[in-house]
Amino acid sequence: MTAAKPAFKRVLLKLSGEALMGDQSFGISPDMMKYVAEEVKSIHELGVEVAIVVGGGNIFRGIAASSYGMDRAPADHMGMLATVINSIALSGALEKIGIPTRVQSAISMHEVAEPFILRRAVRHLEKGRAVIFAAGTGSPYFTTDTAAVLRAQEIHAELLMKATKVDGIYDKDPVKDKDATFFPRVKYMEVLEKQLNVMDMTAISLAMDNNLPLSVFNLSGKGNIFKVVTGAKDIGTLIDN
């Protein structure tokens, strides 16, 4: 049996904060964190350079707080700090199973994370360290999806992997509508025109402008991250031109 070979040399994995809750209604599930770390290890062992962007929705969502009358800019800054908490937790889980990591924050907090410096991030990746980009873009009004596309472009990742709670992209919410149609492959423009809720429109537009392929897949399927990186055709949805 031939060993699986990666189809990509460098990837960026986007995780939602909600994914880290597991079965909980809030916070970080230690079991889920361990599971995610093991999934990342499966591709790290192939020699793939892995960068990660984590959301903060399991702790605080800026856009949700702004809908209750809070000013959007400070609400988003609180959301960014939530992503730092998640990033430090994920770093610890990865280090525990032998994967060297670095957390780089778009907001300066030298005691807990490196500042985001592109050349340093790329050097870490080249040395086999997983790099976790925290605090989004560092600016309010931008989601962590947009931050993920931006960082993927900056480090020249060959693929952005968005891990979700469903198997890929559907025309409707498959949890609520059993007649939802699944798209194994879709173009950026279709995502924008049909308003398929996979990422915010800014993130999709930025990916389209730079021809960054996106893979959307179910995080809970054990081995799915490995399958996507080794080029399996039957996992999730691919968005490209």
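The values are calculated or read from the model by the stated rules, or taken from the named source; none is laboratory data. In this text, all values refer to a predicted model and were calculated from it rather than measured experimentally. All Cβ positions, even for glycine, are placed from backbone atoms using ideal geometry, and neighbour counts span all protein chains on display.
Miscellaneous remarks
- Lone qualifier among V84, V36, V122 - being β-branched (V, I, T), under 20 Å from K165 (Cβ atoms), modelled with pLDDT of 95 or more and assigned to a helix (DSSP H, G or I): V36
- Residue pairs meeting the criteria (Cβ under 6 Å; at least 6 apart or on separate chains; first free of Cβ contacts under 8 Å to residues at least 24 places away in the same chain and at negative phi, in the range 88-105; second crowded, with 21+ Cβ neighbours inside 10 Å and outside any loop (DSSP other than H, G, I, E, B)): E95/T101
- Here the range 39-62 is the region considered, the condition is being more than 14 Å from the chain's Cα centre (by Cα) and acidic (D, E), and the residue that is farthest from V149 (Cα to Cα) is E45.
- Filtered residues of the range 222-241 (kept if touching a residue at least 40 places away in the same chain (Cβ under 8 Å), surrounded by fewer than 19 Cβ atoms within 10 Å (Cβ to Cβ) and either aliphatic (A, V, I, L, M) or under 25 Å from D200 (Cβ atoms) (or both)): D240, N241
- Of all the numbered requirements in (1) crowded, with 23+ Cβ neighbours inside 10 Å; (2) out of contact with any helix residue (DSSP H, G or I) (no Cβ under 7 Å at 6 or more places or on another chain), R119 misses one, and that requirement is (1).
- Selected residue [at positive phi, small (G, A, S) and modelled with pLDDT of 95 or more] from A157, A135, A203, A147: A135
- When residues of the range 196-218 are limited to those that are in contact with a helix residue (DSSP H, G or I) (Cβ under 8 Å, 6 or more places away or on another chain) and free of Cβ contacts under 8 Å to residues at least 24 places away in the same chain, the one surrounded by the most Cβ atoms within 10 Å (Cβ to Cβ): S205
- When the range 1-33 is filtered for residues that are surrounded by 13 or more Cβ atoms within 10 Å (Cβ to Cβ), among the charged types (D, E, K, R) and touching a helix residue (DSSP H, G or I) at 6+ places or on another chain (Cβ under 9 Å), the ones remaining, listed by number, are R10, K14.
- V175 vs. criteria touching a residue at least 40 places away in the same chain (Cβ under 8 Å) and either over 23 Å from Q104 (Cα atoms) or of a type outside the set (F, W, Y) (or both): no
- Meets criteria (out of contact with any strand residue (DSSP E or B) (no Cβ under 6 Å at 6 or more places or on another chain), farther than 22 Å from S220 by Cα and not in a loop (DSSP other than H, G, I, E, B)) for D31: no
- Restricting attention to the range 38-83, the residues being surrounded by 23 or more Cβ atoms within 10 Å (Cβ to Cβ), aliphatic (A, V, I, L, M) and in contact with a Ser or Thr (Cβ under 7 Å, 6 or more places away or on another chain) number 2.
- Residue satisfying all of: in the range 125-171; assigned to a loop (DSSP other than H, G, I, E, B) and of a type in the set (A, V, I, L, M, F, W, C); farthest from N197 (Cα to Cα) among these: I155
- When we screen I59, I107, I99, I43 for residues that are within 30 Å of A3 (Cα to Cα) and in a loop (DSSP other than H, G, I, E, B), the only hit is I99.
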